[in-house]
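Note sheet for the following structure.
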Amino acid sequence: MDTLKRSKYSGSFTVEAAFVMPVVLGIILLILYLCIYTHDKAVMEYAAIKACERCCEEAKKNKDEDSGYLTGLAREQIEEITDKGLIGNWDEDVKVSFEGEEIKASIYGRMGNSQGLMESILQGKIFSIRVSCKEVLVNEYEWIRAR
């Protein structure tokens with residue numbers, strides 16, 4: 001009857017793993033979301049910079065253009081980049097303003113209302129991005145001659 005020997009180990013490892021695994025998985029998910037957040041912030045910054053550059057180029061070509069046309073160009077540029085490049089589900093608010101020779105594009109993004117676990121817990125409170133870019137219209141010939 002003594003053929004079944006008792007193991008000197010009990011089930012304590014299983015119990016410890018049951019406590020440690022959710023913490024490890026939570027940390028992995030947090031790192032993953034932080035990577036997505038950083039990537040999407042970089043894409044939004046790039047989109048704002050490209051929108052400002054495009055508005056400056058158009059304003060140099062056509063000095064008579066109104067700000068509504070340039071605002072439309074900037075929004076189009078930003079949407080073109082963010083539609084392809086963002087990983088997360090973001091609700092974006094785009095603003096373009098003109099003050100004299102200065103063009104400013106800003107994007108405010110909030111994590112969208114998807115059905116993911118983290119989004120439903122956080123409800124977009126933590127994951128929001130605000131980026132802005134500003135460019136100044138410069139007449140290159142005058143600027144070079146002034147130096």
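Do we find that Phe13 is at pLDDT below 85 and not in a helix (DSSP H, G or I) in this structure?
So Phe13 does not fit the description; no.
Give the stretch 50-63 a look and list any residue that's surrounded by fewer than 19 Cβ atoms within 10 Å (Cβ to Cβ) and out of contact with any Asp or Glu (no Cβ under 7 Å at 6 or more places or on another chain), or say none.
Kept after step one, since they are surrounded by fewer than 19 Cβ atoms within 10 Å (Cβ to Cβ), are these residues of the stretch 50-63: 50, 53, 56-58, 60-63.
Lys50, Glu57, Lys60, Lys61, Asn62, Lys63 - these are the residues of the stretch 50-63 that are surrounded by fewer than 19 Cβ atoms within 10 Å (Cβ to Cβ) and out of contact with any Asp or Glu (no Cβ under 7 Å at 6 or more places or on another chain).
Test Thr3 against the stated conditions and say whether it is more than 30 Å from Glu99 (Cα to Cα), part of a helix (DSSP H, G or I), out of contact with any helix residue (DSSP H, G or I) (no Cβ under 7 Å at 6 or more places or on another chain) and modelled with pLDDT under 85.
no
For Tyr108, work out the one condition from (1) closer than 17 Å to Met44 by Cβ; (2) out of contact with any strand residue (DSSP E or B) (no Cβ under 7 Å at 6 or more places or on another chain) it doesn't fulfil.
So Tyr108 meets the others, but not (2).
How about the stretch 16-52: which of its residues are of a type in the set (Asp, Glu) and at pLDDT 85 or above? Step through it out loud before you land on a result.
We begin by selecting, within the stretch 16-52, every residue of a type in the set (Asp, Glu); these are 16, 40, 45.
The answer is Asp40, Glu45.
In the stretch 103-139, how many residues are surrounded by 14 or more Cβ atoms within 10 Å (Cβ to Cβ), modelled with pLDDT of 80 or more and either part of a loop (DSSP other than H, G, I, E, B) or among the charged types (D, E, K, R) (or both)?
The total comes to 3.
Taking interchain pairs and intrachain pairs at least six residues apart, which have beta carbon atoms under 7 angstrom, with the first residue in the stretch 37-63 and without any contact (Cβ under 8 Å) to a residue 40 or more places away in the chain and the second surrounded by fewer than 16 Cβ atoms within 10 Å (Cβ to Cβ) and not in a helix (DSSP H, G or I)?
Once the first residue is without any contact (Cβ under 8 Å) to a residue 40 or more places away in the chain and sits in the stretch 37-63, its partners that are surrounded by fewer than 16 Cβ atoms within 10 Å (Cβ to Cβ) and not in a helix (DSSP H, G or I) give Glu58/Glu65.
The values are calculated or read from the model by the stated rules, or taken from the named source; none is laboratory data. Given the structure is predicted, the values throughout are model-derived calculations rather than measurements. Using ideal geometry, Cβ is built from the backbone for each residue, glycine included, and neighbour counts are taken over all protein chains shown.
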